[in-house]
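The values are calculated or read from the model by the stated rules, or taken from the named source; none is laboratory data. Only a predicted model underlies this, so the values are computations on that prediction, with no experimental measurement involved. With ligands, DNA and RNA removed, areas are computed over all heavy atoms of the protein, side chains included. Shrake-Rupley method; radii C 1.70, N 1.55, O 1.52, S 1.80 Å.
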Amino acid sequence: MRYLGLALYAEGPTDYYFLRPLLQRLCEDLCMRLARMPVEVSEVLALNHPSSVGTAPREVRILAAATAARDAWTLLFVHADGANDPRRAREEQIDPALTAIRSQFPEDVTGIAVIPVRETEAWAIVDGDAVRQAFGTVLDNSRLGLPASTRAAEAVTDPKLALRGVLEAVDPSARRRQQRISAYLNLLGEQVSLSCLRELPAFSRLDSEVTDALRRLQILRG
């Protein structure tokens with residue numbers, strides 16, 4: 001039996017609601033299908049940096065957070081929204097941290113980039129059936145303002161606004177009550193189809209990087 005500890009350093013507080021269950025499910029799916037032996041996959045630990053490095057460059061904050069939780073993780077996911085330029089986001093927001101992690105930690109742990117093309121919410125709206133289940137509605141994609149196709153999710157200009165639109169379509173009083181979307185993001189992280197997500201290039205890259213990392217760690221078959 002192998003133990004796979006997971007941790008996440010995300011860009012914003014709401015990203016944890018969706019990404020923590022999603023990333024755990026992704027690793028569980030890969031291990032169930034491809035592992036060399038039984039694997040116990042942990043819940044995803046939400047990391048935060050110590051206050052002493054609060055004004056330091058992002059890679060320093062991430063390294064400090066990773067160091068403080070060193071015994072808890074094998075895979076450290078580092079998230080940044082792509083803001084429609086995922087290559088730049090990776091170069092500026094992710095790669096310096098992953099380089100620091102590689103230089104400070106042994107080869108039996110690794111860091112993984114999590115970069116939606118625009119925002120995390122684009123992944124949350126990719127699966128209309130999961131959205132309907134999470135929001136408790138039978139409205140179709142058109143009436144919910146969801147993308148017409150799976151791959152169109154990454155082309156949505158403002159995924160946060162699209163998700164808010166779903167809530168208001170289901171509950172017209174939500175705008176007046178300023179109902180928070182966080183609980184729905186958590187449900188969507190638990191329910192969104194991995195098959196749908198794998199049709200998106202950005203998520204497919206994440207899937208491939210996690211698979212490669214777990215093979216290097218000799219958890220998955222080669």
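How much accessible area does ARG88 have with a 1.4 Å probe, in Å² rounded to the nearest 10?
Answer for ARG88: close to 140 Å² accessible.
For the range 145-222, just list the percent of Cα-Cα distances falling in each 5 Å bin from zero outward, please.
3, 12, 16, 20, 17, 11, 8, 6, 3, 2, 0
Multiply the residue gap between ARG180 and ARG87 by 0.36 nm, knock off their C-alpha separation, and tell me the result in nm, one decimal place.
Roughly 30.4 nm would be gained on extension.
Over all directions, the average projected area of the alpha-carbon convex hull for the range 42-174 comes to how many nm²?
Across all orientations, the range 42-174 yields a mean hull projection of 10.2 nm².
Hey, what angle do you get for helix 13-34 against the long axis of the chain, alpha-carbon based, 0 to 90 degrees rounded to 10?
Roughly 70 degrees between the two axes.
Using the Karplus curve 6.51 cos²θ - 1.76 cosθ + 1.60 with θ = phi - 60°, work out ³J(HN,Hα) for each residue of the range 43-53 in order, rounded to whole Hz, and write x for Gly and Pro.
Here the 3J(HN,Hα) series is 5, 8, 6, 7, 9, 9, 7, x, 4, 5, 10 Hz.
For the range 95-166, list log₁₀ I(q)/I(0) at each q in 0.17, 0.21, 0.23 Å⁻¹, using the Debye formula over Cα point scatterers of equal strength and ignoring solvent, two decimals each.
-0.64, -0.80, -0.91
Could you list which residues have their amide H under 5 Å from that of ILE112, counting only those 5 or more apart in sequence or on another chain, with H placed in the peptide plane?
Those lying under 5 Å, H to H, from ILE112 are LEU76, PHE77, VAL78.
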